1. What is the calculated FRET efficiency for Ala89 to Ala55, with r their C-beta to C-beta distance and R₀ = 22 Å, to the nearest 0.05?
2. Not counting ligands, DNA or RNA, and with a 1.4 Å probe, what is Lys104's accessible surface area in Å² rounded to the nearest 10?
3. Please give the FRET efficiency for Glu96 paired with Ile37, using the beta carbon to beta carbon distance and R0 = 30 Å, rounded to the nearest 0.05.
4. Using 1/(1 + (r/R0)^6) with R0 = 35 angstrom and r between the beta carbons of Lys104 and Leu48, what's the FRET efficiency to the nearest 0.05?
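The values are calculated or read from the model by the stated rules, or taken from the named source; none is laboratory data. On a predicted model such as this, the values are computed, not experimentally measured, just so you know. So basically every Cβ, Gly included, is an ideal-geometry build from the backbone, and we count neighbours across all protein chains shown. The area values use the complete protein model at the heavy-atom level, side chains included, leaving out ligands, DNA and RNA. Shrake-Rupley method; radii C 1.70, N 1.55, O 1.52, S 1.80 Å.
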Amino acid sequence: MFKKIALPLLILNLVACNNDSDPVHVTTPPVANQPEILIIGHRGASALRPEHTLAAYQKAIDDGADFIEPDLVPTRDGYLVARHENEIAGTTNVSELPQFADRKTTKVIDGVPLT
């Protein structure tokens, strides 16, 4: 008689412990930390505005850049100037200004002499 009562009680206890709404417990491998994606505006938004200008920096910020990365070059008198190239004749008129005539020089850049 005890066996007839004990077996159904055992089964009832096991069924009562089951919760079908619980997801199956499967161990998943740990997910590696995903690196945060950063958007860096090198020279600002230089494809859309003249590089190293406030307009290029502002456009990069407006477009969602997290950082602006300018190229800084020290001048002979100790100032930092945002420039990429060594040769500045393409973006300045300094060679035409008489107050800078005494600074005119020729340098070899990548094997090419530039004045």
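1. Working: r = 21 Å, r/R0 = 0.98.
For Ala89 and Ala55, the calculated efficiency is 0.55.
2. Only protein atoms counted, so the area is about 140 Å².
3. On the way: r = 45 Å, r/R0 = 1.49.
Calculated value: 0.10.
4. Computed FRET efficiency for Lys104 and Leu48 comes out at 0.55.
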